[in-house]
1. Quick one: compute the contact order of segment 99-148, relative version, from alpha carbon pairs under 8 angstrom and 6+ residues apart, as a percent.
2. So what's the back-of-envelope 222 nm ellipticity for the chain, counting only DSSP H runs of four-plus at -39500 (n - 2.57) apiece and dividing by all residues, rounded to 500?
3. Mean separation of Cα pairs under 8 Å and 6+ residues apart, divided by the residue count of segment 2-90: what relative contact order is that in percent?
4. Tell me whether segment 2-90 comes out rounded, prolate or oblate; compute the Cα gyration tensor, take square roots of the eigenvalues as a ≥ b ≥ c, and use a/c under 1.5 as the rounded threshold.
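Laboratory data are not the source of any read-out in this text; all were calculated from the coordinates shown. Please read all numbers here as calculations on a predicted model, not as lab measurements.
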């Protein structure tokens, strides 16, 4: 966990020096969310890579929802600010899988589980999100699972 916190701290310093308010605000938000997760977990345990990924994924999801809401009420200024913050957060996430890679993984999962129809959607989604966590958006995965089942 210290690697990402060290990287965030270094990037925060760089953003302060460059007076990059957008990047600075996004980094502060990430650091705050990670510190809150650490407090919730307890002082004895460090955040695992999976915990960090969960926090970053939550930040991505929140920013995407904020962009959608801002676009619905025709507030492009807010949407563009949130999008800039989203790009900063995505910079700390592992690289995202392409649609083809997601389809390949889900096809394998369906074969392994012997899923045959929509009744097996829950089992497939559960397994898919374990494997693809942090590397694919949940909405994309759900859409592909629905297509393949």
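1. Working: 30 pairs, mean separation 22.0, N = 50.
Reported relative contact order: 44 percent.
2. Values: 7 runs with 115 residues, N = 149.
After summing the helix terms and dividing by residue count, I get -25500 deg cm²/dmol.
3. Details: 62 pairs, mean separation 26.5, N = 89.
For segment 2-90, the relative contact order is 30 percent.
4. Values: a/c = 2.94, a/b = 1.46, b/c = 2.01.
Since a/c reaches 1.5 but b/c is at least a/b, the shape of segment 2-90 is classed as oblate.
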